[in-house]
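Take a look at the structure set out below.
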Amino acid sequence: MPSERIYNFSAGPSVLPLGVLERAASEMTNYRGSGMSVMEMSHRSQVYLTIFEKTKGDLKRLLAVPDTHEILFMQGGATFQFSAVPLNLIGKTGVADYAVTGSFSAAAMKEAKKYGTIRIAATTEATNHTVIPEQRDLKVLPDASYFYYCANNTIYGTEWKYTPDTGEVPIVTDMSSNILSKPLDISKYGIIFAGVQKNMAPAGMAVVIIDKSLLGGELPYTPKIMSYSAAASSDSMLNTPPCYTIYMLGLVLEWLEENGGVAQMERLKAAKAAVLYDFLDSSRLFRGCAEATARSDMNVTFRTPNEELDAKFVKEAAAAGLCNLKGHRSVGGMRASIYNAMPPEGVGALADFMARFERENG
Ligand SMILES: Cc1ncc(COP(=O)(O)O)c(C=O)c1O
């Protein structure tokens, strides 16, 4: 076991800020004089409700969520939302338009097909998902109940750099791997959802930010536990919520605020990603997987000329304390996930290591 903390480039669950982990550790057995761990508290108790309300309020403020939108905490991760979205929204017209730019949007579309007619608004399959469609490539028709896209493709390392214009059609977006990395105009979105295990908290929950005007359109057979209106009317306490995950999210949001909020995260992520992409652009050994215009600032995907060298790189990097750089099993290669909590020093250490590996193996 390493005695020092490693640089953890895992795509999710992912690195959390060290200060957050230390704070949680110091409060583990006795939360601020309550004599209990947060894990041991009733979710209806005043001490816990104070944590819950502050977390929700901090998220609202940090992401500038307008009063037109509700914040929900729902269990089941992001995948739960692949079903919840159509169950709650597709009843309006029976039709929805999906952009398929990677595995998670394809999985969401497959799930939605159980509940209505799904049209492909755009697909990047022909390029093996190395690009992002441009606005002019999107086919969103006015009778769609909603338009769906995945804002950051964690596996392929591509990211939408713009919010699509869909006219009156509400936008639903999966921001699991880039939420809180930049300021957003929430009013443009019908639903933003995100599994928390990358930029927000330990796994076990999704944050859903929903335009209140979309509440109440569930298909009649929608399980109550998947109903956005039931979640909203119970303030995300239809049943016992993932109390500890919400507490951890609260600590991460405090850390985010102390570190300049989402505006500062945006500056930092751009600088961190540039270190790796600049290196890749001038490398003779490594090449980036995504097209330059579509590159994600959160998940940097790259390869060497062959799989053996990829495996050698991943192994030697891990031995140097640069861990979890293996690409997703469906695509191979390498992936450096550099979420908010990855310090610039970690990215610098990776770039230095890549340069050394190139000298030794190029
Ligand atoms: C963009 C995106 N959507 C959805 C998921 C699935 O998340 P979960 O495991 O929380 O269901 C992931 C997981 O990595 C993801 O990166």
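For this structure, a couple of remarks:
- Of all residue pairs spaced 6 or more apart or on separate chains, those with beta-carbon atoms under 6 Å, a first member in the stretch 5-21 that is assigned to a loop (DSSP other than H, G, I, E, B) and a second member that is surrounded by fewer than 21 Cβ atoms within 10 Å (Cβ to Cβ) and not aliphatic (A, V, I, L, M) are Ile6/Gly321; Ile6/Cys323; Phe9/Asn324; Ser10/Asn324; Val15/Asn8; Pro17/Trp255.
- Residues that are in contact with a Gly (Cβ under 9 Å, 6 or more places away or on another chain) and either away from the ligand (no atom under 16 Å from the Cβ) or in a loop (DSSP other than H, G, I, E, B) (or both) within the stretch 144-158 comprise Ser145, Tyr146, Phe147, Thr154, Ile155, Tyr156, Gly157, listed in sequence order.
- When the stretch 84-105 is filtered for residues that are away from the ligand (no atom under 11 Å from the Cβ) and either modelled with pLDDT under 95 or surrounded by fewer than 20 Cβ atoms within 10 Å (Cβ to Cβ) (or both), the ones remaining, listed by number, are Gly91, Lys92, Thr93, Gly94, Val95.
- Of the criteria (1) in a helix (DSSP H, G or I); (2) touching a residue at least 24 places away in the same chain (Cβ under 8 Å); (3) under 27 Å from Ile179 (Cα atoms), which one Asp297 fails: (1)
- Selection status of Leu268, closer than 15 Å to Asn199 by Cα, assigned to a helix (DSSP H, G or I) and either in contact (Cβ under 8 Å) with a residue 60 or more places away in the chain or in contact with a Cys (Cβ under 6 Å, 6 or more places away or on another chain) (or both): yes
- Residues of the stretch 32-46 include none that is touching a helix residue (DSSP H, G or I) at 6+ places or on another chain (Cβ under 9 Å), within 30 Å of Lys212 (Cβ to Cβ), without any contact (Cβ under 8 Å) to a residue 24 or more places away in the chain and part of a helix (DSSP H, G or I).
- Here Ala122, Ala126 are screened, and the one residue that is out of contact with any Gly (no Cβ under 9 Å at 6 or more places or on another chain) and free of Cβ contacts under 8 Å to residues at least 12 places away in the same chain is Ala126.
- Residue list for the stretch 269-303, restricted to those being closer than 30 Å to Phe73 by Cβ and surrounded by fewer than 20 Cβ atoms within 10 Å (Cβ to Cβ): Ala270
- The single residue among Ala64, Ala126 that is away from the ligand (no atom under 16 Å from the Cβ), assigned to a loop (DSSP other than H, G, I, E, B) and out of contact with any strand residue (DSSP E or B) (no Cβ under 9 Å at 6 or more places or on another chain) turns out to be Ala64.
- Scanning the stretch 168-196 for residues that are in contact with a Lys or Arg (Cβ under 7 Å, 6 or more places away or on another chain) and more than 9 Å from the ligand (Cβ to nearest atom) yields Ile171, Ser181.
- Boolean, Ala194 is in the same structural domain as Glu134 (by TED's automatic domain parsing), surrounded by fewer than 24 Cβ atoms within 10 Å (Cβ to Cβ) and under 24 Å from Phe52 (Cα atoms): no
- Restricting the stretch 197-239 to residues that are among the small types (Gly, Ala, Ser), away from the ligand (no atom under 16 Å from the Cβ) and touching a strand residue (DSSP E or B) at 6+ places or on another chain (Cβ under 9 Å), the residue that is nearest to Tyr48 (Cα to Cα): Ser236
- Residue match in the stretch 159-167 (condition: buried (at least 23 other Cβ atoms within 10 Å of the Cβ) and within 12 Å of the ligand (Cβ to nearest atom)): yes
- Of all the listed residues (Phe80, Phe73), the sole one being in contact (Cβ under 8 Å) with a residue 12 or more places away in the chain, buried (at least 18 other Cβ atoms within 10 Å of the Cβ) and part of a strand (DSSP E or B) is Phe73.
The values are calculated or read from the model by the stated rules, or taken from the named source; none is laboratory data. None of these values were measured; they are calculated from a predicted model. Ideal geometry is used to build each Cβ from the backbone, glycine not excepted, and the neighbour counts take in all protein chains shown.
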